[in-house]
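Notes follow the structure.
The values are calculated or read from the model by the stated rules, or taken from the named source; none is laboratory data. Note that the coordinates shown come from a computational prediction; the quantities given were computed from them, not determined experimentally. Methodologically, a virtual Cβ is constructed for each residue, glycine included, from the backbone with ideal geometry; neighbour enumeration extends over all protein chains shown. Ligands, DNA and RNA are excluded from the accessible area calculation, which covers all protein heavy atoms including side chains. Shrake-Rupley method; radii C 1.70, N 1.55, O 1.52, S 1.80 Å.
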Amino acid sequence: GKGEYDHYMLKEINTQPTALSNTIEGRIEDGDVAFESLPPGTFADVDSVQFVACGTSYHAAMYGGQLVREAGVRAEVLRASEYESTAGPVDETTLVVAVTQSGETADTLDAVRKAADRGARTLAVTNVVGSTAAREADDAVYIRAGPEVGVAATKTYSSQAVTLALLSQRLAGDVPDAAPVADRAAMLEALEDLPQHVETVLETSTAESLAEETLDSESFFFIGNGRGRSVALEGALKFKEITYEHAEGFAAGELKHGPLALVTEATPVFAVATGGADDKTKTNAIEAQSRGAPIVAIGPDDHPLVDIADAHLSVPDTHPVWTGLLANVQLQLLSYHAADQLDRPIDKPRNLAKSVTVE
Ligand code: M6R
């Protein structure tokens with residue numbers, strides 16, 4: 001049940017420290033990645049990776065896909081519903097990774113079946129043991145987030161992103177010519193602290209009062225670059241899904257190529273700082289600010305974006321690979337509290353289902 005919480009979504013947001021501890025449990029050994037079902041060498045024949053996913057899982061796949069590319073492995077991240085028109089050719093050296101919480105999303109199953117028919121090797125990254133995706137794929141890795149009841153995906157996003165980050169390091173070790181990130185030991189060490197950092201965000205977040213202050217706006221924009229872009233897209237999806245307010249996520253650098261025309265004093269811009277390549281996020285946030293938009297920075301206290309912002313949602317300073325996941329928790333809380341203040345049916349938003357089994 002929901003226990004002490006008003007909604008499953010809030011419960012699931014708050015259980016992320018436990019979910020993440022379960023996700024990483026036993027998967028880091030001697031400074032390296034340990035996957036029960038995928039021992040070292042599993043991907044020695046892999047040459048490139050295609051991720052296929054929908055919605056929130058697509059955003060987690062974007063996060064993971066970037067880490068795979070940073071490891072020197074060719075990777076594309078594709079919307080499952082667009083697989084036919086966007087996927088490059090595959091063969092037995094292509095690993096197609098279906099990222100799906102439920103393991104039952106029709107668009108994702110269809111994409112991965114098409115890839116398998118064409119000879120690709122398949123891997124399911126899912127929360128549900130025995131799901132269709134897990135049964136049909138050549139291999140499966142479980143994100144171990146525990147059951148998610150709220151239609152809005154929260155803890156499964158965090159656990160998916162972390163599982164994919166770990167997968168990126170297995171690929172880095174296995175794929176010829178790939179290489180682990182230079183500071184892998186530090187990155188994995190910081191991962192072990194991630195549940196505690198999420199706990200800090202949950203305990204100190206000021207998202208509830210910020211939601212109240214900004215709620216009377218026309219539109220809500222979310223921007224970020226690099227890993228921050230996927231967090232911005234996810235922030236906007238969650239916000240529109242449960243508040244029914246107009247929200248959009250953009251790559252920060254794209255703002256000036258069109259969306260800036262929408263920016264006014266009535267459109268707060270939430271700018272995600274990831275500790276990575278955030279310069280563009282800062283310059284484009286300043287552009288929006290000079291058109292009157294209030295800027296909310298989400299990131300560590302000493303981040304340059306915070307200096308220029310009108311408001312700030314703070315996250316602990318950690319390895320830059322994980323900062324975006326902490327920013328995402330702040331954005332989950334922002335959406336939740338905004339929807340709560342609007343009295344929306346948070347766990348069952350109109351027109352949506354937890355698992356989308358039609359194409
Ligand atoms: O079960 P899946 O991860 O395959 O579901 C994919 C999307 O339908 C899902 O993430 C959806 O976008 C969420 N309701 C967003 O909160």
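Details
- A search for C-beta distances below 8 Å between a residue of the range 88-105 that is among the acidic types (D, E) and any residue that is open to solvent by less than 30 Å² (accessible area, probe 1.4 Å) and at pLDDT 95 or above, counting only pairs 6+ apart in sequence or on different chains, returns D91/A120; E92/A120; E104/S131; E104/T132; E104/A133.
- Of note, F43 satisfies the criterion of being away from the ligand (no atom under 16 Å from the Cβ) and open to solvent by less than 50 Å² (accessible area, probe 1.4 Å).
- Any chance S205 is modelled with pLDDT of 95 or more and either crowded, with 17+ Cβ neighbours inside 10 Å or in contact with a Phe, Trp or Tyr (Cβ under 7 Å, 6 or more places away or on another chain) (or both): yes
- Candidate set from the range 274-290 (those that are in a helix (DSSP H, G or I) and among the small types (G, A, S)); member that is surrounded by the fewest Cβ atoms within 10 Å (Cβ to Cβ): S290
- Residues satisfying the stated conditions in the range 223-273, i.e. part of a strand (DSSP E or B), touching a Pro at 6+ places or on another chain (Cβ under 8 Å) and open to solvent by 20 Å² or more (accessible area, probe 1.4 Å): E248, F250
- G146 within 14 Å of the ligand (Cβ to nearest atom) and modelled with pLDDT of 95 or more: no
- Filter result (within 22 Å of the chain's Cα centre (by Cα) and either among the small types (G, A, S) or open to solvent by less than 10 Å² (accessible area, probe 1.4 Å) (or both)) within the range 1-30: M9, E12, I13, Q16, A19, L20, S21, T23, R27
- Pair list, Cβ < 7 Å and 6+ apart or interchain, from the range 172-199 residues that are more than 17 Å from F35 (Cα to Cα) and part of a helix (DSSP H, G or I) to residues that are open to solvent by 60 Å² or more (accessible area, probe 1.4 Å) and not charged (D, E, K, R): none
- Options E92, E136; residue that is away from the ligand (no atom under 11 Å from the Cβ), touching an Asp or Glu at 6+ places or on another chain (Cβ under 8 Å) and over 17 Å from L164 (Cβ atoms): E92
- Failed condition for L171, given (1) farther than 20 Å from R74 by Cβ; (2) out of contact with any Pro (no Cβ under 9 Å at 6 or more places or on another chain): (1)
- Of residues in the range 67-81 being assigned to a helix (DSSP H, G or I) and open to solvent by 10 Å² or more (accessible area, probe 1.4 Å), the one nearest to the ligand (Cβ to nearest atom): S81
- Residue in the range 322-334 that is of a type in the set (F, W, Y) and within 16 Å of the ligand (Cβ to nearest atom) present: no
- Which listed residue is hydrophobic (A, V, I, L, M, F, W, C), part of a loop (DSSP other than H, G, I, E, B) and either over 26 Å from C54 (Cα atoms) or away from the ligand (no atom under 16 Å from the Cβ) (or both), from A293, A211: A293
- Top-ranked residue in the range 31-40 [being surrounded by fewer than 19 Cβ atoms within 10 Å (Cβ to Cβ) and not small (G, A, S); ranked as nearest to the ligand (Cβ to nearest atom)]: F35
- Restricting the range 149-169 to residues that are open to solvent by 10 Å² or more (accessible area, probe 1.4 Å) and farther than 19 Å from P195 by Cα, the residue that is farthest from the ligand (Cβ to nearest atom): V149
- Residue satisfying condition, being farther than 18 Å from D177 by Cβ, within 14 Å of the ligand (Cβ to nearest atom), in a loop (DSSP other than H, G, I, E, B) and open to solvent by less than 20 Å² (accessible area, probe 1.4 Å), within set G103, G64: G103
Yes/no per residue for (1) touching a residue at least 40 places away in the same chain (Cβ under 8 Å); (2) over 22 Å from T200 (Cβ atoms):
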{"residue": "G299", "(1), (2)": "no, no"}
{"residue": "A311", "(1), (2)": "yes, no"}
{"residue": "G324", "(1), (2)": "yes, no"}
{"residue": "N328", "(1), (2)": "yes, no"}
{"residue": "Q332", "(1), (2)": "yes, no"}
{"residue": "A339", "(1), (2)": "yes, yes"}
{"residue": "P349", "(1), (2)": "yes, yes"}
{"residue": "V356", "(1), (2)": "yes, yes"}
{"residue": "E359", "(1), (2)": "yes, yes"}
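- The combined condition, being farther than 24 Å from T318 by Cβ and open to solvent by 10 Å² or more (accessible area, probe 1.4 Å), is not fulfilled by V181.
- Filter result for A115 (within 14 Å of the ligand (Cβ to nearest atom), within 23 Å of A172 (Cα to Cα), open to solvent by less than 40 Å² (accessible area, probe 1.4 Å) and more than 20 Å from the chain's Cα centre (by Cα)): no
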